[in-house]
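For reference, the structure is listed below as structure tokens.
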Amino acid sequence: MEIFGTCQPRFDAVREAFAANFAAGREVGATFAATLGGELVVDLWAGDADAARTRPWAQDTIVNVFSTTKAVTALCAHMLVDRGLLDVDAPVARYWPEFAAHGKEAITPRHLLSHTAGLAAIRKRLTREAFYDWPAMTAALADETPWWEPGTANGYHALTYGYLVGELVRRIDGRTIGKFLREEVTTPLDIDFHIGLPASEDARVAEMVPPTAAKPLRPRRRRGSR
């Protein structure tokens, strides 16, 4: 498998480990980059962006980074804190009045940001399509009762964090979390990161290929590979 990109000699072990994943059949396509002191020291990519292996992985291939998005969402909220628009110790209901229902009147943005709000799940049965319906999800969370006393325990808000913090940003600023990020962070800094991907970028998205423990992917040799 040909490995593309650059890697400083002192990080050759990183390149070797990256290549080993392909040699062992554990990757279809992947990218890895690392910075040290603000300097890009590793920038590697290889393989294909789809299971059928019809689209070579490129330097600008887009991948789903899953919960990394939580940190970026939190960044947007903290920008509002920095501007004096959001008080992390005020009730969330100050900005989102409906949120106070069912014992949530004392929950603060600090609770939302630190996974201590007790809203890690929704009891109401929802369809899969509801995950793509922002008003439906935020209304369900506003109508939810905390699963534990807010602030007394930590529980990872895996599927609710983005809606909770994102709606807080929207209530204060008026823009969706995706639009806020695009206009305030990624466009000014020329960062290729998206919350809500425009259709114009769909062709750059890598297909998610789930791992199979029983049968590893067979490595594919390319002409001229090393």
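See the values below:
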{"read-out": "Between helix 12-23 and the chain: long-axis angle, C-alpha atoms, 0 to 90°, nearest 10", "value": "80 degrees"}
{"read-out": "Cβ-based exposure ranking for ARG170, ARG83, in which fewest neighbours within 10 Å come first", "value": "ARG83, ARG170"}
{"read-out": "For region 112-118, 3J(HN,Hα) per residue [Karplus equation, 6.51 cos²θ - 1.76 cosθ + 1.60, θ = phi - 60°, Hz, x = Gly/Pro]", "value": "5, 5, 9, 6, 10, 7, x"}
{"read-out": "Listed values [x] 63, 40, 36; [y] 73, 39, 30; [z] 55, 43, 33, entry calculated as Cα extents along the principal axes in Å", "value": "[x]"}
{"read-out": "Whole-number percent relative contact order across region 68-188, with pairs defined as alpha carbons under 8 Å at least 6 apart", "value": "31 percent"}
{"read-out": "Mean Cβ neighbour count within 10 Å, used as a protection proxy, ranking 13-21, 193-201 highest first", "value": "13-21, 193-201"}
{"read-out": "The chain: angle of helix 161-173 to the longest principal axis, Cα-based, in degrees nearest 10", "value": "60 degrees"}
{"read-out": "Net charge dipole size for the chain [Lys, Arg +1 and Asp, Glu -1 on Cβ; Debye, nearest 20]", "value": "920 debye"}
{"read-out": "Length-normalised contact order for the chain - Cα pairs under 8 Å, 6+ apart - percent", "value": "24 percent"}
{"read-out": "Ordering of 53-60, 154-161, 92-99 by burial proxy (mean other Cβ atoms within 10 Å per residue, highest first)", "value": "92-99, 154-161, 53-60"}
{"read-out": "Per-residue [θ]222 nm for the chain (sum of -39500 (n - 2.57) over DSSP H runs n ≥ 4, rounded to 500)", "value": "-7500 deg cm²/dmol"}
{"read-out": "Separation between Cα centres of region 16-57 and region 176-213, rounded to whole Å", "value": "19 Å"}
{"read-out": "GLY47 long-range amide H proximity, modeled H, under 5 Å", "value": "TRP57"}
{"read-out": "Among VAL63, VAL185, VAL41, residue whose mean-square fluctuation peaks in a GNM of the chain (springs only between Cα atoms under 10 Å)", "value": "VAL41"}
{"read-out": "Amide H partners (placed H, <5 Å) of GLU2, local residues excluded", "value": "ARG222, ARG226"}
{"read-out": "Neighbour-count ranking [beta-carbon atoms within 10 angstrom, fewest first] of HIS102, HIS111", "value": "HIS102, HIS111"}
{"read-out": "Using alpha-carbon coordinates, inclination of helix 68-82 to the longest axis of the chain, degrees", "value": "50 degrees"}
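Each reported figure results from applying straightforward, stated rules to the coordinates on display, with no laboratory input. Only a predicted model underlies this, so the values are computations on that prediction, with no experimental measurement involved. Cβ: placed from backbone, ideal geometry, glycine included. Neighbour counts: every protein chain shown.
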